[in-house]
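> Structure below; questions to follow.
Every read-out reported here was derived from the displayed coordinates using simple, explicitly stated rules and does not represent laboratory data. Since the structure is predicted, the reported quantities are computational estimates derived from the model, not experimental observations. Positions of Cβ are backbone-derived with ideal geometry, glycine not excepted, and every protein chain shown enters the neighbour counts.
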Amino acid sequence: MLKTFPKGGIHPPENKLTSSKPIQRLPVPKVVYVPIAQHIGIPAEIIVDRKDKVEIGQVIAKSGGFVSSNIHSPVAGTVTKLDMIVDSTGYKKQCIVIRTDAKNASNFVETEYPLKKEIALEPQKILQRISDYGIVGLGGATFPSHVKLNIKADKKIDCLIINGVECEPYLTADHRLMLEKAEEILMGIQILMYALNVPRAIIGIENNKRDAIETFKKLILQEPKIQVAALQVKYPQGGEKQLVRALLKREVPKNGLPLDVGVIVHNVGTIFAIYQAVQHNKPLIERVVTVTGKKMGNASNFWVKIGTPIKDLITEVGGMPEGTRKIVNGGPMMGKALKNTDVPVTKGTSGILVISEDEASRGETKPCIRCGECVTVCPMGLEPHLLMNLSEKGMFENAGHEDILTCIECGSCSYVCPSHRPLLDYIRFGKSIVKKLDVSKN
Amino acid sequence: MTDSILYSVLLLASLGVTAAMVLYVVSKKFYVYENPLIAEVEDLLPAANCAGCGSPGCKAFAEKLVGTDDISDLFCPVGGNDVMQLVSEALGKEVAEKNPTVAVVRCQGACDVRPKTSEFQGPRSCAISALIYSGETDCQYGCLGDGDCVAVCKFDAMYMDETTGLPVVITDKCTSCGMCVEACPRDIIEMRPKHKRDLKIYVGCLSEDKGGIARKACSVACIGCSKCLDICPKEAITMVNNLAYIDPEYCTLCRKCVPVCPTDSIIETNFPKKKVKKVEVDQGAEVKSVNLINNA
């Protein structure tokens with residue numbers, strides 16, 4: 001019996017179309033648009049000016065506070081403007097626009113770094129570097145990594161969990177990374193274990209990625225402190241709280257963090273970025289993005305520079321197929337539909353999913369039939385139908401008492417609802433109001 | 001036989017007396033004094049319970065009026081100056097006089113001038129749409145068209161125009177309670193002074209985008225060209241973030257800014273169609289030929 005979390009969960013069709021496609025390198029774009037708010041928390045502060053020449057990896061926006069992150073130039077080139085550019089929601093956000101220098105060789109020469117096993121830095125320096133090099137959680141939430149690693153003296157961490165679950169359908173970015181960069185990831189884990197003095201680490205991988213599990217199992221034979229755990233295929237297992245529960249049977253408190261139960265969770269992508277930052281001085285300027293869709297002929301995985309317009313990615317896989325109705329930034333469950341394709345890839349973009357007419361539409365909303373499906377599948381043990389009703393009727397205080405803020409917005413309730421009720425839309429709305437009420441109360 | 005009648009009568013009588021005594025003691029002991037003025041003032045208020053004054057209802061507002069010494073910053077927008085004057089007389093306190101206001105919708109991005117570039121299939125509510133994304137058109141400042149303002153209006157003073165997809169204020173019914181202003185996530189609705197014959201001049205756009213971008217998203221957008229700014233004799237127009245704003249305090253409704261606007265984003269309502277100079281003189285005759293652009 002494979003491990004999994006006990007409450008709720010669903011199993012949507014996996015559709016991992018690109019799991020056998022090696023990660024290709026996308027041509028360097030002519031212009032990159034780098035937003036200054038790519039992470040949760042305070043946006044970074046721009047420290048370059050128009051017409052400045054920038055090098056690859058140069059800091060162009062400085063962290064604006066503790067919960068914030070540096071942003072580095074993904075290309076060598078010239079800053080052409082600092083402007084408001086439409087982001088994936090359609091609102092305009094501050095961006096740094098950099099024109100790539102076509103003559104600068106550093107843009108086009110791709111150094112393949114050899115695996116470096118010696119850890120030269122001291123623990124404190126490693127953590128400092130993770131903060132300086134703009135590492136954020138690459139699983140999608142883009143939480144600045146140094147905040148997670150900043151452990152207060154009274155907390156003791158006894159386990160590091162590596163999230164290689166990738167429970168979203170369609171996405172294969174983490175899967176491919178695990179196959180191609182397994183040794184580097186393992187090294188990254190050792191760096192973190194050394195820096196934080198953690199006695200053990202577990203890599204959690206869903207059982208639909210047998211090849212990745214086998215790869216790691218072979219590699220960890222000499223590493224007694226690191227384990228690999230195969231997990232039952234179930235969405236949303238990649239959620240931090242679900243993963244901690246599945247692997248260690250520890251329940252993260254409802255307003256707490258995995259830190260409270262002695263665990264730190266990091267995505268494999270983040271671990272790889274940490275490895276590169278610590279061992280090869282490479283800041284976070286590119287990431288793996290899965291570009292996929294049932295009608296996309298050349299759907300594949302790509303190394304993409306942060307700031308590349310999404311339309312470049314779609315052109316690379318053969319253009320937009322006919323009858324495209326929706327383009328999603330992220331996976332089909334948690335991703336957000338894009339308003340246009342000029343939007344740049346950010347640190348949080350794990351996939352671009354192109355959906356055709358027949359899959360894109362929501363069903364007609366009908367009255368709730370009290371079947372209780374949403375309650376059954378909710379991984380947080382909430383009552384989505386109730387939260388939706390309370391939000392719809394404006395009873396936000398009651399919704400707060402029903403723990404609306406613990407919702408992880410996985411969308412399982414909306415997925416299973418036979419009446420196609422927009423449960424998550426209302427819950428998200430309710431959450432936003434309850435958060436405001438809570439802030440005003442304090 | 002007579003005994004049983006006697007006993008029951010005595011029993012019931014004693015029960016009644018005991019209960020009366022208990023009630024008397026309790027009513028004396030736990031008596032709550034309420035200022036009779038509160039009920040009096042509440043009767044004067046319009047009983048709309050709209051919360052436009054900031055208090056949760058007319059009773060609460062009456063308590064506040066009676067309880068506070070200086071009521072000059074309290075105002076009932078629904079009752080207006082007349083009601084506040086009565087309240088002032090009843091309480092013997094000074095009240096401030098305010099010019100009557102009316103809600104105006106500062107967006108004219110109808111379906112034909114502001115094309116839809118995407119489709120939203122979620123619940124039709126402005127608050128939810130605004131939370132998720134910038135709306136179905138390319139303008140991130142304009143009306144979302146889901147009618148949250150219409151839904152909160154307690155006076156039936158608003159409706160959605162089906163052809164334009166925009167809300168419309170019925171000036172005669174609008175009490176300027178301000179519920180729609182609060183409900184609108186885009187701050188499109190503004191309270192502007194009510195002039196006679198419902199004359200209004202305001203910028204019907206909130207787009208802070210640069211000219212080209214704003215124009216591309218909506219052909220009647222303010223492009224920030226500053227032509228109105230230059231022509232205004234009273235310096236009532238300000239230009240902030242590529243957006244003109246007519247300050248009602250200084251605007252004299254001279255209408256010089258309206259024809260110079262290249263995108264027709266300055267709205268004038270209920271002015272006579274022809275540009276007759278003697279508007280003020282010739283009131284009675286001209287009322288019939290009002291231009292009902294934005295009025296129902």
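> In whole angstrom, note down how far apart the Cα centers of the range B:1-70 and the range B:132-178 are.
So the separation of the two Cα centres works out to 43 Å.
> Among the lysines, which have Cα under 24 Å from the Cα of B:Lys227 when same-chain residues fewer than 8 positions away are ignored?
B:Lys200, B:Lys210, B:Lys216, B:Lys256, B:Lys273, B:Lys274, B:Lys275, B:Lys277
> Taking amide H atoms as placed 1.01 Å from N in the peptide plane, list the residues 5 or more away in sequence, or in a different chain, whose amide H sits under 5 Å from that of A:Ile60.
Here A:Ile71, A:His72, A:Ser73 satisfy the definition.
> I would also like to ask the following. What lysines sit close enough to B:Lys93 to cross-link, taking a C-alpha to C-alpha distance under 16 Å and skipping anything fewer than 8 places away on the same chain?
Within the straight-line limit of under 16 Å, B:Lys93 reaches these lysines: B:Lys64.
> Moving on. Please work out the C-alpha center-to-center distance from the range B:88-102 to the range B:194-239 and express it in whole Å.
Here the two parts' Cα centres lie 33 Å apart.
> Using per-residue counts of other Cβ atoms within 10 Å, averaged over each peptide, order B:58-68, A:318-328, A:347-357 from highest down. Could the numbers behind the result be given before it?
On the way: B:58-68: 18.6, A:318-328: 15.6, A:347-357: 23.1.
In descending order of packing, they fall as A:347-357, B:58-68, A:318-328.
> For the Cα atoms of chain B, what angle does the longest principal axis make with the long axis of helix B:2-29, in degrees from 0 to 90, nearest 10?
For helix B:2-29, the angle is close to 50 degrees.
> To continue, here is another question. Within the range A:1-69, report the trypsin sites (Lys or Arg not before Pro) that DSSP leaves as loop and that have at most 16 other Cβ atoms within 10 Å. Intermediate results must be reported in sequence, preceding the final value.
On the way: sites: A:Lys3, A:Lys7, A:Lys16, A:Arg25, A:Lys30, A:Arg50, A:Lys51, A:Lys53, A:Lys62; in loops: A:Lys7, A:Lys16, A:Lys30, A:Arg50, A:Lys51.
Loop-located and lightly packed - A:Lys7, A:Lys30, A:Arg50, A:Lys51.
> Hey, another quick one. Just list whichever of A:Lys254/A:Lys435; A:Lys218/A:Lys241; A:Lys181/A:Lys225; A:Lys152/A:Lys181 have alpha carbons separated by over 22 Å in the model shown.
Numbers: A:Lys254/A:Lys435 15 Å; A:Lys218/A:Lys241 28 Å; A:Lys181/A:Lys225 20 Å; A:Lys152/A:Lys181 32 Å.
Cα-Cα > 22 Å for A:Lys218/A:Lys241; A:Lys152/A:Lys181; rest within.
> Near the amide H of B:Val102, under 5 Å away, which other amide H atoms are found, from residues 5 or more places off or on another chain, if H is placed in the peptide plane?
Close amide H contacts, sequence-distant or interchain: B:Arg192, B:Lys194.
> Round to the nearest 0.05 the FRET efficiency obtained for B:Thr117 and A:Ser20 when R0 = 30 Å and r is the Cβ-Cβ distance. Provide the component values of the computation, followed by the final result.
Values: r = 36 Å, r/R0 = 1.20.
With R0 = 30 Å, the Cβ-Cβ based efficiency is 0.25.
> For A:Lys81, what residues show an amide H to amide H distance below 5 Å, using hydrogens built from the backbone and excluding near sequence neighbours?
Sorted by chain and number, the residues that satisfy this are A:Val97.
> At 0.36 nm per residue, minus the direct Cα-Cα distance, what do B:Ala60 and B:Asp43 gain on full extension? Give it in nm, one decimal, please. Please report the intermediate quantities before stating the final value.
Details: separation 17, 0.36 × 17 = 6.12 nm, distance 1.24 nm.
Taking B:Ala60 through B:Asp43 to full extension adds about 4.9 nm, to one decimal.
> Let me ask something else about it. Residue-wise, which Karplus ³J(HN,Hα) couplings in Hz belong to the range A:171-181, taking 6.51 cos²θ - 1.76 cosθ + 1.60, θ = phi - 60°, and x for glycine or proline?
Per-residue couplings from phi come out as 6, 9, 4, 5, 4, 5, 4, 5, 6, 8, 10 Hz.
> Roughly how crowded by other chains is peptide A:420-430, in terms of the mean Cβ count from those chains within 10 Å of each of its Cβ atoms? Before the final figure, lay out the partial values.
Details: counts 1, 1, 6, 0, 1, 9, 4, 0, 4, 9, 1.
The shielding value for this peptide is 3.
> Post the alpha-carbon centroid distance, the range A:181-197 to the range A:273-341, in whole angstrom.
26
> What is the total of Lys pairs in the range A:56-123 with C-alpha atoms under 29 Å apart, excluding same-chain pairs fewer than 8 positions apart? Display every interim value, and only then the final one.
On the way: A:Lys62/A:Lys81; A:Lys62/A:Lys92; A:Lys62/A:Lys93; A:Lys62/A:Lys103; A:Lys62/A:Lys116; A:Lys81/A:Lys92; A:Lys81/A:Lys93; A:Lys81/A:Lys103.
Eligible lysine pairs with Cα atoms under 29 Å apart amount to 8.
> Quick one: 3J(HN,Hα) in Hz for the range B:255-262, Karplus 6.51/-1.76/1.60 with θ = phi - 60°, rounded, Gly and Pro as x.
Listing the rounded values in order: 6, 5, 6, 4, x, 7, 5, x Hz.
> Once label points are set 7 Å from the Cα along Cα→Cβ at both A:Leu2 and A:Lys62, what is their separation, rounded to one decimal in nm?
That separation, rounded to one decimal, is 4.8 nm.
> Based on the alpha-carbon gyration tensor of the protein assembly as shown and its eigenvalue square roots a ≥ b ≥ c, which shape applies: rounded if a/c is under 1.5, prolate if not and a/b is larger than b/c, or oblate? The partial results should precede the final answer.
Numbers: a/c = 2.32, a/b = 1.38, b/c = 1.68.
Judged from the Cα gyration tensor, the protein assembly as shown comes out oblate (a/c at least 1.5, b/c at or above a/b).
> Identify the GluC sites (Glu not before Pro) of the range B:162-201 meeting these criteria: DSSP loop state and at most 12 other C-beta atoms within 10 Å of the C-beta. Don't skip to the answer; put the middle values down first.
Numbers: sites: B:Glu162, B:Glu182, B:Glu190; in loops: B:Glu162.
In loop regions of the range B:162-201 (DSSP not H, G, I, E or B), the sparsely surrounded GluC sites (Glu not before Pro) are B:Glu162.
> Now for a different question. Can you give the extra length, in nm with one decimal, that the chain gains between A:Ala141 and A:Lys51 once fully stretched, where that is 0.36 nm per residue apart less the Cα-Cα distance? Don't jump to the answer; show the numbers that get you there.
Working: separation 90, 0.36 × 90 = 32.40 nm, distance 3.26 nm.
That works out to 29.1 nm of additional length.
> A further question on this structure: Add -39500 (n - 2.57) for each DSSP H run of 4 or more in chain A, then divide by its residues: what number comes out at 222 nm, to the nearest 500 deg cm²/dmol?
Details: 14 runs with 125 residues, N = 442.
The helix-only estimate for chain A comes to -8000 deg cm²/dmol at 222 nm.
> Let me ask something else. Calculate how steeply helix B:80-91 sits against the longest principal axis of the alpha-carbon atoms of chain B, using the helix alpha-carbon long axis, and give the answer as 0 to 90 degrees to the nearest 10.
With rounding to tens, the tilt is 30 degrees.
> Across peptide B:116-123, how many C-beta atoms of other chains are within 10 Å of each residue C-beta, on average? Could the numbers behind the result be given before it?
Working: counts 0, 3, 6, 5, 3, 11, 9, 8.
Shielding by partners across B:116-123 averages 6.
> In whole Hz, what ³J(HN,Hα) sequence does the range A:247-264 give by Karplus (6.51, -1.76, 1.60; θ = phi - 60°), x for Gly and Pro?
Per-residue couplings from phi come out as 7, 10, 6, 10, 9, 6, x, 5, 10, x, 10, x, 3, 5, 10, x, 10, 10 Hz.
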